[in-house]
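For reference, the structure discussed in these notes is given below.
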Amino acid sequence: MERLQKFISNCGVTSRRKAEDLILSGKVIVNGKVVRELGTKVSGNDVVIVNGQVLKSELKEYYLLYKPRGVISSVTDDKGRETVIDLIKTETRIYPVGRLDYDTTGLILLTNDGELSNVLTHPSRDVEKEYVAKVRGFFSKDDALKLSNGVILNGVKTKKAYFKMKKYDKKSNVSYVRAIITEGRNHQVKDMFNLLGYDVLKLKRERYAFLDLSGLKSGEYRKLSTKEVKQLYSLK
Ligand code: URA
């Protein structure tokens, strides 16, 4: 049994807030009766009709994709570019949890579970995201410390992070840097490097919380196990 507004939003029709408005305005019918109480509990056996449409509770799907370069992490693209959704064979309306830039590669989760997506992207959650960046020049220890301690981006200090050089290739004058951040601001990793004058040549996300890319090649994906989904829900 779950609360009616949660059931409605889980069916993918609308948000929980809007579902509450629908209930309060008498647009929701449960087993033939208009229900206006927000606390009402329903189960999969109840027939729920919203705006004349019978709701079916959607099965939840969870995917871990190794995103290639040149793929956009949104559901549609107005320029007709390939999206992360195009890479996954499903009839279900899934969407990415957070974003990776068009030219960033690596791990991205996709699901139709709005609740999990909210849990994971909520700023208070501090979910670790680990990247390897290829940047131009020698990445100094001093700069690693600066970025790890936090820098001001768009007027707001970044949270504590971990930046450390893995390797410096003298011949091509590029550094490979491991970066772990817990926030998910747009272009955050690139902006942090850019702030200190480093050009980011490549960026790859290798880890999201306890999940990594083991066993996957670029463009491949797998379903998450029930255990992994539970673990994601119970992070922290
Ligand atoms: N930070 C960025 O700058 N880009 C990404 O795609 C992810 C994190």
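Tyr131 - would you say it is of a type in the set (Phe, Trp, Tyr) and either crowded, with 17+ Cβ neighbours inside 10 Å or assigned to a strand (DSSP E or B) (or both)? Yes; evaluated as a whole, the condition is true for this residue. Taking the listed residues Leu110, Leu203, the one that is closer than 30 Å to Asn10 by Cβ, in contact with a Phe, Trp or Tyr (Cβ under 7 Å, 6 or more places away or on another chain) and either modelled with pLDDT of 95 or more or part of a helix (DSSP H, G or I) (or both) is Leu110, with no other qualifying. Give the residues of the range 1-31 that are touching a strand residue (DSSP E or B) at 6+ places or on another chain (Cβ under 7 Å) and either surrounded by 15 or more Cβ atoms within 10 Å (Cβ to Cβ) or not charged (D, E, K, R) (or both), sorted by residue number. Within the range 1-31, Met1, Arg3, Leu4, Phe7, Ile8, Val13, Leu22, Gly26, Lys27, Val28, Ile29, Val30 meet the criteria. In the range 160-184, of all residues being among the basic types (Lys, Arg) and assigned to a loop (DSSP other than H, G, I, E, B), the one that is nearest to Leu120 (Cα to Cα) corresponds to Lys160.
Checking each residue in the range 70-95 for being in contact (Cβ under 8 Å) with a residue 24 or more places away in the chain, within 16 Å of the ligand (Cβ to nearest atom) and under 28 Å from Ser225 (Cβ atoms) picks out Val71, Ile72, Ser73, Ser74, Val84.
The sole residue among Val156, Val135 that is in contact with a helix residue (DSSP H, G or I) (Cβ under 7 Å, 6 or more places away or on another chain) and either under 30 Å from Cys11 (Cβ atoms) or modelled with pLDDT of 95 or more (or both) is Val135.
The values are calculated or read from the model by the stated rules, or taken from the named source; none is laboratory data. The structure presented is a predicted model; accordingly, all values stated were derived computationally and were not measured. Heads up, the Cβs are rebuilt from the backbone with ideal geometry, glycines too, and the neighbour counts pull from every protein chain shown.
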